[in-house]
Amino acid sequence: MGSARSEGGPERDQDPAGALGWDEGLYEGRDAAVETGRAKVPGQRGAGDAGGADGEGETEPEDPDEQPDRDSGTPVGVPEQPGPPAGESGPGRRRPEAGGERDAPEDAPEEAPDEAPGDASGEAPEEADAEAAAKPRKPKRRKRRILAWTAAGLALTLVAAGTAGWFYYQHLNDNLDRKPLHIGKSRAPEPTPNAAGQTPLNILLIGSDARDSEENQRLGGARETFGGPALADVQMLLHLSADRSHMSVISMPRDTLLKIPECTDPESGKVYPATVGTRMTNQTLMRGGPGCTVATWEELTGIRIDHFMMVDFAGVVSMADAIGGVPVCVDANLHSRTSDGKGSGLKLKKGTTEIKGEDALAWLRTRYGFGDGSDIARAKAQHMYMNSLVRKLRENTGLSSPNKLRNLAEEATEALTVDEELASVAELYALAEELKKVAPNRTTMATMPWIWSPSDHNRVEPKPDDAEQLFRLVREDIALDGRDGDGASPSPSEDETSEDPADDPADIAVLVRNGTGSPVAAPVSGRASDLVKLLTEAGFTRATADQNQVENREETAILYPSAELEGDAQSVAEALGMPLGTVRKSAEVSGVTLEIGADWTEGDTFPKPKKGDNEPPDSAEALNGSDDTACMEVDPAFTW
């Protein structure tokens with residue numbers, strides 16, 4: 001995948017043509033005859049019947065900010081792509097072997113040998129042989145000519161079919177709308193690869209409330225907003241761990257107030273200056289497009305985002321229809337409609353119901369009737385839907401038909417707007433292959449911790465400390481399910497000392513780097529010199545401070561390049577009172593290197609981790625992906 005880093009990027013060893021039900025022979029014919037590269041054509045989501053939600057979209061009064069406060073949420077799922085059914089490679093035909101006659105069936109009778117002339121006629125064998133030798137034998141040119149024309153016709157047929165497959169692949173690529181990934185001024189730092197050289201993958205999922213077509217206007221309602229700029233009413237960050245063992249999804253409430261950085265519209269060149277005060281996060285989309293939403297997330301969280309995927313109302317409905325029914329649950333009969341006509345119109349009976357099409361969109365947009373009627377309750381409902389969707393797609397339920405997979409590919413590519421590096425069905429297929437490596441019980445949905453805004457009691461702001469702790473866990477690739485380390489290489493424990501003996505401290509060269517900065521703070525001045533002094537006092541007289549600017553580090557670590565220096569690195573850790581788990585082998589250094597992180601900005605004693613530091617705060621309201629018992633609480637005022 002062009003955007004995913006080479007060590008941890010999606011694998012490409014599977015042919016997505018089979019996933020769409022196409023015969024691989026089409027590609028063989030094309031490769032042999034037209035010498036074009038083998039196209040990989042992934043599918044993305046499947047087909048079903050249309051559903052419907054009664055009533056129009058919610059129509060709240062205009063927001064006191066610059067744009068209307070539209071009550072419309074449209075989350076984006078990123079379902080994995082199922083491969084072709086077992087034993088099936090598409091509706092192809094068997095191809096006879098070219099260049100010769102087909103073998104006779106095994107049960108065909110053997111041809112009788114020619115009778116010897118004279119055996120039945122009474123002629124002498126010698127006379128018969130002479131007569132046979134005098135007659136010329138008929139050539140087999142006609143038979144060979146027929147075989148040659150048959151082979152040529154077959155080749156032309158395969159060329160035509162392969163060319164058609166190639167054009168369909170290009171058609172799917174052309175369906176995708178593409179936009180720049182980041183249009184801000186600065187990027188969040190790249191994540192540090194793990195010991196295996198793998199890096200995590202972060203994808204921002206955006207739901208647009210655009211009313212730019214008749215279908216979106218019908219589905220979205222709010223007539224007064226027709227023709228206005230689109231807003232990013234749903235924003236979810238999907239984090240796939242470096243080792244692909246776990247996945248986290250964090251939602252930001254639509255009503256969140258925050259500062260928006262400077263963004264430049266890639267089409268008009270218009271520069272939107274950074275906001276002085278706070279604005280609703282959904283306004284990022286109207287400041288140059290999804291690249292500004294990405295820039296805002298990176299500035300707030302310090303998390304480097306690799307891709308984005310955006311979908312509108314009509315896209316959600318078409319993909320939900322293609323995928324088919326997804327089970328959701330309510331704890332009482334629900335009808336999301338107020339006396340003055342607001343609400344999604346969703347009407348469900350108590351218990352579990354499979355929804356699709358417009359009913360799925362209504363579920364994802366419903367605010368009135370769920371919990372306290374806030375956008376926070378809506379986010380919970382969206383998490384439940386996504387968890388059910390992931391479980392369904394992993395089971396390939398309803399998507400075993402090649403026709404449904406082709407329909408899913410068509411609907412998905414028409415519905416999605418993606419960043420330029422993700423803008424091909426081959427890249428989407430590779431991404432789906434990466435996502436399906438994670439089991440549902442290692443998937444965690446969470447909401448950004450929030451507080452009611454002091455400046456506007458109808459809006460929220462990131463909760464100090466709790467929000468940063470959640471973002472830190474993602475930056476450090478720590479699982480939100482409390483099972484960090486499952487399936488990953490374990491960190492060295494206290495008793496895993498190196499077999500390589502350490503040199504005398506006075507002979508060990510140690511380079512000290514100051515990486516104490518963060519996305520919102522500069523590095524602590526003189527911190528490297530402080531620890532050089534500390535090491536010198538401990539006997540490491542060859543310790544020196546790196547005068548070059550270095551990348552920010554969240555955690556302090558001691559790195560070494562090869563096994564013969566491991567003992568020296570552990571000796572430095574022991575002198576500083578650091579656990580051996582902070583000592584790691586790295587190809588990025590040429591000698592023993594102490595990298596000071598933001599976790600040790602002052603003092604001579606290495607800070608000990610606090611209990612719960614590597615767990616999400618309770619305010620994140622984490623939901624495990626394997627929980628199929630979750631049920632939305634219905635407001636009694638909206639029952640029937």
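The values are calculated or read from the model by the stated rules, or taken from the named source; none is laboratory data. Note that the coordinates shown come from a computational prediction; the quantities given were computed from them, not determined experimentally. Using ideal geometry, Cβ is built from the backbone for each residue, glycine included, and neighbour counts are taken over all protein chains shown. Heads up: the accessible areas ignore ligands, DNA and RNA and are worked out on the full protein's heavy atoms, side chains in. Shrake-Rupley method; radii C 1.70, N 1.55, O 1.52, S 1.80 Å.
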### Task
Arrange the residues His171, His246 by how much accessible surface each exposes, largest first, with a 1.4 angstrom probe.
His171, His246
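Mind listing which GluC sites (Glu not before Pro) in the range 546-640 are in a DSSP loop and have 12 or fewer other Cβ atoms within 10 Å?
Glu551, Glu588, Glu602
When only C-alpha pairs under 8 Å and at least 6 residues apart count, what is the relative contact order of the range 296-418, in percent?
Numbers: 161 pairs, mean separation 39.7, N = 123.
Over the range 296-418, the number comes to 32 percent.
Please find the FRET efficiency linking Glu602 to Val271, where r is the Cβ-Cβ separation and R0 is fixed at 45 Å, and quote it to the nearest 0.05.
Working: r = 39 Å, r/R0 = 0.87.
Calculated value: 0.70.
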### Task
For Asp331 paired with Arg304, estimate the spin-label separation in nm (one decimal), with each label point 7 Å from Cα along the Cα-to-Cβ line.
4.3
### Query
Looking at the range 317-368, which trypsin sites (Lys or Arg not before Pro) are DSSP coil and have at most 12 other C-beta atoms within 10 Å of their C-beta?
Lys349
#### Entry: Where GluC sites (Glu not before Pro) fall in DSSP loop in the range 257-320, at most 13 other Cβ within 10 Å
Glu267
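On a 23 Å Cα-Cα criterion, which of the cross-link pairs Lys185/Lys270; Lys437/Lys585; Lys436/Lys463; Lys259/Lys608; Lys350/Lys437; Lys347/Lys380 come out too long? Provide the component values of the computation, followed by the final result.
Values: Lys185/Lys270 14 Å; Lys437/Lys585 27 Å; Lys436/Lys463 32 Å; Lys259/Lys608 33 Å; Lys350/Lys437 34 Å; Lys347/Lys380 18 Å.
Long pairs (Cα-Cα over 23 Å): Lys437/Lys585; Lys436/Lys463; Lys259/Lys608; Lys350/Lys437.
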### Message
Spelling out what I want: for every residue of the range 270-282, take phi, set θ = phi - 60°, compute 6.51 cos²θ - 1.76 cosθ + 1.60 (Karplus), and round to whole Hz; glycine and proline get x.
### Response
5, 9, 9, x, 4, 6, 6, x, 8, 9, 5, 4, 5
